[in-house]
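Take a look at the structure below.
The values are calculated or read from the model by the stated rules, or taken from the named source; none is laboratory data. Not measured: the values here are computed from a predicted model. No Cβ is skipped: glycine too gets one built from the backbone with ideal geometry, and neighbour counts run over all protein chains shown. For accessibility, only protein heavy atoms count, side chains too; no ligands or nucleic acids. Shrake-Rupley method; radii C 1.70, N 1.55, O 1.52, S 1.80 Å.
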Amino acid sequence: MASVPQADSGAARQDLYHRIEKHNFSPLWEVYHDLIPDEPKTPCKPAIWKWADARPYLMEAGKLITAKEALRRVLVLQNPGMRGESCVTQSLFAGFQLILPGEIAPSHRHTQSALRFVVEGSGAYTAVDGERTTMRPGDFIITPSWTWHDHGNPGSEPVVWLDGLDLPIVRTFATQFHEPYTEDVQPISRGEGASLARYGNNLKPLGAVAPFGKTSPIFCYPYDRSRETLARLAKEGDPDPCDGWKMEFINPLTGGPAMPTISTFIQLLPKGIRSRPYRSTDGTVYSVAEGKGKVKIGNEEFAFEPKDTFVVPSWHAVSVEAAAECVLFSYSDRSAQQALGLWREKRGG
Ligand code: 1HN
């Protein structure tokens with residue numbers, strides 16, 4: 001016998017919804033397609049943050065608050081589709097951090113992983129679990145989850161870097177822990193470059209035990225090495241039509257991504273290329289290390305210059321028109337998606 005809804009089911013349904021709400025129930029069928037869309041749906045919007053806008057605001061903030069008082073003097077890149085949520089994509093944080101000559105940002109540790117991509121200035125350092133690394137433009141530096149870290153600037157110029165963190169991922173799992181160190185500056189137990197020497201030359205110590213768990217034991221990938229690799233590759237054969245020459249930063253102990261929750265990349269696009277549209281499920285933040293041009297993200301187009309930052313939301317097609325040879329650093333949650341079997345890509349539109 002077929003069941004037939006009552007003629008007045010509209011009012012009866014509303015009445016049911018109203019009564020069950022008090023008991024913390026709700027009808028799935030009213031929201032089913034919002035919860036299970038046919039394709040990725042995100043509040044994240046395509047956006048660009050121009051360095052020419054960011055720099056004066058950062059320097060103004062530098063006059064109003066010290067790095068020590070702020071703990072971290074960071075201007076958050078708020079995605080315009082998620083204002084106030086401190087998110088650049090729904091899974092990632094981005095911000096510009098400024099440290100002035102003579103300043104320190106006190107030592108602490110947290111379960112959120114961080115990456116730094118140096119945008120401007122040289123001579124500051126980041127320390128991670130007893131080793132310092134000097135920061136230079138284009139360097140990619142990792143602060144693994146739950147490692148002590150502090151920053152300082154013994155040099156003579158302001159230093160700014162892009163901070164990328166997995167804050168929303170760690171918040172989703174409610175696995176946030178934070179602890180300040182007992183001193184502002186942690187003690188140093190290894191010479192600068194020790195981790196790169198130990199793990200960054202296609203050699204590894206016998207019986208190596210990953211010092212940072214699932215994160216790469218190399219915590220600074222210097223720009224001169226990445227840049228040299230890209231330049232060499234560009235002499236060998238044609239660029240990929242979507243990516244140019246694109247390389248992923250890896251954990252040398254596993255061959256996998258350098259960080260367990262964030263994938264990191266660097267790519268070279270030759271002058272004049274119009275890259276073929278590409279889309280993937282990992283919303284991606286780009287920092288322009290070199291070059292200029294135009295980027296089309298979904299239906300929007302943005303002109304970019306060195307030190308600008310732009311974001312490509314999940315499943316939005318991206319293509320670049322390079323007016324000069326471009327080097328782009330990028331990060332996304334691809335490694336987390338791949339670990340969970342969720343990641344998809346589509347080349348050509
Ligand atoms: C943080 O601890 C750092 O340690 C940078 O340098 C950016 C953004 C949000 C929350 C904590 C750092 C941060 C952060």
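Of the residues Lys292, Lys296, which single one is surrounded by fewer than 21 Cβ atoms within 10 Å (Cβ to Cβ) and over 26 Å from Thr229 (Cβ atoms)?
Result of the check over Lys292, Lys296: Lys296.
Filter segment 305-327 down to residues that are part of a strand (DSSP E or B) and over 13 Å from the mean Cα position of the chain (by Cα), then give me how many there are.
7
Could you please give the count of residues in segment 276-289 that are over 21 Å from Ser91 (Cβ atoms) and surrounded by fewer than 22 Cβ atoms within 10 Å (Cβ to Cβ)?
Restricting attention to segment 276-289, the residues satisfying the condition of being over 21 Å from Ser91 (Cβ atoms) are 276-277, 288-289.
Imposing the further condition that a residue be surrounded by fewer than 22 Cβ atoms within 10 Å (Cβ to Cβ) reduces the set to 276-277.
Selection size over segment 276-289: 2.
Looking only at segment 124-137, filter to residues that are surrounded by fewer than 19 Cβ atoms within 10 Å (Cβ to Cβ) and within 26 Å of Val170 (Cα to Cα); which one of those is nearest to the ligand (Cβ to nearest atom)?
Applying the filter and picking the extreme gives Asp129.
Which members of segment 223-242 meet the condition of being touching a strand residue (DSSP E or B) at 6+ places or on another chain (Cβ under 6 Å) and farther than 20 Å from Val118 by Cα?
Narrowing segment 223-242 to residues touching a strand residue (DSSP E or B) at 6+ places or on another chain (Cβ under 6 Å): 226, 230, 233-234, 239, 242.
Answer for segment 223-242, where residues must be touching a strand residue (DSSP E or B) at 6+ places or on another chain (Cβ under 6 Å) and farther than 20 Å from Val118 by Cα: Leu233, Ala234, Pro239, Cys242.
How many of the residues making up segment 218-267 are open to solvent by less than 10 Å² (accessible area, probe 1.4 Å) and small (Gly, Ala, Ser)?
Of the residues in segment 218-267, 3 are open to solvent by less than 10 Å² (accessible area, probe 1.4 Å) and small (Gly, Ala, Ser).
Which of the residues spanning segment 1-47 are acidic (Asp, Glu), over 42 Å from the mean Cα position of the chain (by Cα) and modelled with pLDDT of 95 or more?
Matches in segment 1-47: Asp15 only.
On the basis of being under 30 Å from Lys204 (Cα atoms), open to solvent by less than 10 Å² (accessible area, probe 1.4 Å) and among the hydroxyl-bearing types (Ser, Thr, Tyr), does Ser332 make the cut?
yes
Residues of segment 108-123 being buried (at least 20 other Cβ atoms within 10 Å of the Cβ) and either within 11 Å of the ligand (Cβ to nearest atom) or within 27 Å of Asp333 (Cα to Cα) (or both), which ones?
Those that are buried (at least 20 other Cβ atoms within 10 Å of the Cβ) and either within 11 Å of the ligand (Cβ to nearest atom) or within 27 Å of Asp333 (Cα to Cα) (or both): Arg109, Gln112, Ser113, Ala114, Leu115, Arg116, Phe117, Val118, Val119.
Give me the pairs, please: first residue somewhere in segment 93-105 and over 30 Å from Ser332 (Cβ atoms), second residue anywhere and hydrophobic (A, V, I, L, M, F, W, C) and more than 10 Å from the ligand (Cβ to nearest atom), beta-carbon distance under 7 Å, and either six or more positions apart or on two chains.
Ile104/Val185
Given Ser280, Ser330, Ser275, which one is farther than 23 Å from Arg232 by Cα, in contact with a strand residue (DSSP E or B) (Cβ under 9 Å, 6 or more places away or on another chain) and hydroxyl-bearing (Ser, Thr, Tyr)?
Ser280
Return a yes/no flag: does segment 82-90 have any residue that is farther than 25 Å from Val288 by Cβ, open to solvent by less than 100 Å² (accessible area, probe 1.4 Å), within 14 Å of the ligand (Cβ to nearest atom) and touching a Pro at 6+ places or on another chain (Cβ under 6 Å). Spell out how you get there, then give the answer.
Start the filter on segment 82-90 by keeping residues that are farther than 25 Å from Val288 by Cβ, which leaves 84.
Still in the list and also open to solvent by less than 100 Å² (accessible area, probe 1.4 Å): 84.
After this cut, where a residue has to be within 14 Å of the ligand (Cβ to nearest atom) as well, the list is none.
Within segment 82-90, none of the residues are farther than 25 Å from Val288 by Cβ, open to solvent by less than 100 Å² (accessible area, probe 1.4 Å), within 14 Å of the ligand (Cβ to nearest atom) and touching a Pro at 6+ places or on another chain (Cβ under 6 Å).
Show me the helices (runs of 4 or more DSSP H) found entirely inside segment 138-254 where at least 2 residues are within 14 Å of the ligand (Cβ to nearest atom).
167-172
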